[in-house]
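First up is the structure itself, then whatever we jot down about it.
The values are calculated or read from the model by the stated rules, or taken from the named source; none is laboratory data. Bear in mind that the values here come from a model prediction, so they are computed numbers and not experimental data. FYI the Cβ positions are ideal-geometry reconstructions off the backbone, even for glycines, and counts take in every protein chain you see.
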């Protein structure tokens, strides 16, 4: 009865957290504590992913240092097809969860990722839950237990599946919680970095290191996932080796991985460049929960069209345009068109007019 009460309270609390202020790390940590009381675990990882590729670009985590150091290799093995990829398995599951102990039939050593990256850190079973809502999959929540603790049960995984939509909304809001700056950042020029199959950087153009130094999250982990995905090929995963992420300046970058020809051993070239307005607009319209009509209207606002021009372009009345704008201002947390453009394109504008 105590566990059932804790799970009922957890569902209620997660629902409240999902409707709270956008993108606070504290909110995610509050959610973790509710989940810990409901199912029991010690360490955890909560990555945020690009919904177009399902590659991670940021994360909150409380994990063993030894495993954190091995994270690039672990992500590489999963994305390359050399190991179980519970992230993609959970996305494709109606239950929204994938339990490691069930997948390996209790023999964790069947997983190269566990054998190479987790065994030495004393890690045991874990569950991967797709944080998916109506706007897409935004990442995963992974509670973990040590090797001397009991494995997660079917009931534990089922409960996480029940709360997955709330976790999806919380994670989606985290994707919109990017650094803010008062001035348009000066970004490095496009760059290329080349990596071998063992994740060593073998060559790069001069601007590559400036790009890698500007990432918010652990860049080696992002690169390990992209390299693995590129080597696996799109035919296996149905998702590209491509990720959009916010840099430490608040500007957005796009990384694309591709296998190179002309090497005796597999090599992957990763292109690093400033994300286009359309690329940022796409992910942030979804992250802020804009409807398809609001997203279409946002594209016209970004192009600088007036209310009347937008109405004519979308075949709606100017009054309807204004109603949509008010809804968009509320969802994004802004008061002017200039602020809206800034938030949805990752750029700062000089337009502070409050005209709707």
What single numbered condition from (1) out of contact with any helix residue (DSSP H, G or I) (no Cβ under 8 Å at 6 or more places or on another chain); (2) crowded, with 20+ Cβ neighbours inside 10 Å; (3) at pLDDT below 95 fails to hold for residue 215? (1)
Output yes when any residue across the range 145-152 is surrounded by fewer than 19 Cβ atoms within 10 Å (Cβ to Cβ), touching a helix residue (DSSP H, G or I) at 6+ places or on another chain (Cβ under 6 Å) and more than 25 Å from residue 20 (Cα to Cα), and no when none is. yes
Which condition does residue 224 not pass, out of (1) closer than 13 Å to residue 247 by Cβ; (2) in contact with a helix residue (DSSP H, G or I) (Cβ under 9 Å, 6 or more places away or on another chain); (3) buried (at least 18 other Cβ atoms within 10 Å of the Cβ), if it passes all the others? (1)
For residue 283, indicate whether it is under 30 Å from residue 199 (Cα atoms) and not assigned by TED's automatic domain parsing to the domain that holds residue 200. yes
Could you list, in sequence order, all residues of the range 264-287 that are surrounded by fewer than 17 Cβ atoms within 10 Å (Cβ to Cβ) and out of contact with any strand residue (DSSP E or B) (no Cβ under 8 Å at 6 or more places or on another chain)? 264, 278
Any hit, the range 178-185, residues being touching a helix residue (DSSP H, G or I) at 6+ places or on another chain (Cβ under 7 Å) and either crowded, with 20+ Cβ neighbours inside 10 Å or under 29 Å from residue 84 (Cβ atoms) (or both): no
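When you check residue 54 against the structure, is it within 14 Å of the chain's Cα centre (by Cα) and on the phi > 0 side of the Ramachandran plot, yes or no?
For residue 54, the condition - within 14 Å of the chain's Cα centre (by Cα) and on the phi > 0 side of the Ramachandran plot - is met.
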I'd like the full set of residues that are surrounded by fewer than 17 Cβ atoms within 10 Å (Cβ to Cβ), under 30 Å from the mean Cα position of the chain (by Cα) and assigned to a helix (DSSP H, G or I), limited to the range 297-328. 326, 327
Identify the single condition in (1) farther than 18 Å from residue 162 by Cβ; (2) in contact with a strand residue (DSSP E or B) (Cβ under 9 Å, 6 or more places away or on another chain); (3) surrounded by fewer than 21 Cβ atoms within 10 Å (Cβ to Cβ) that residue 18 does not satisfy, given that it satisfies every other one. (1)
The lone condition residue 165 fails out of (1) at pLDDT below 95; (2) in contact with a helix residue (DSSP H, G or I) (Cβ under 7 Å, 6 or more places away or on another chain); (3) under 26 Å from residue 32 (Cβ atoms) is (2)
Does residue 202 satisfy the criteria of being surrounded by fewer than 16 Cβ atoms within 10 Å (Cβ to Cβ) and either touching a strand residue (DSSP E or B) at 6+ places or on another chain (Cβ under 6 Å) or touching a residue at least 40 places away in the same chain (Cβ under 8 Å) (or both)? yes
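Looking only at residues in the range 236-259 that are in a loop (DSSP other than H, G, I, E, B) and loosely packed, with under 15 Cβ neighbours inside 10 Å, which one is modelled with the lowest pLDDT?
Only one residue fits best here, namely 238.
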Matching option when the condition is within 28 Å of residue 228 (Cβ to Cβ) and at pLDDT below 90, among 28, 19, 73, 87: 87
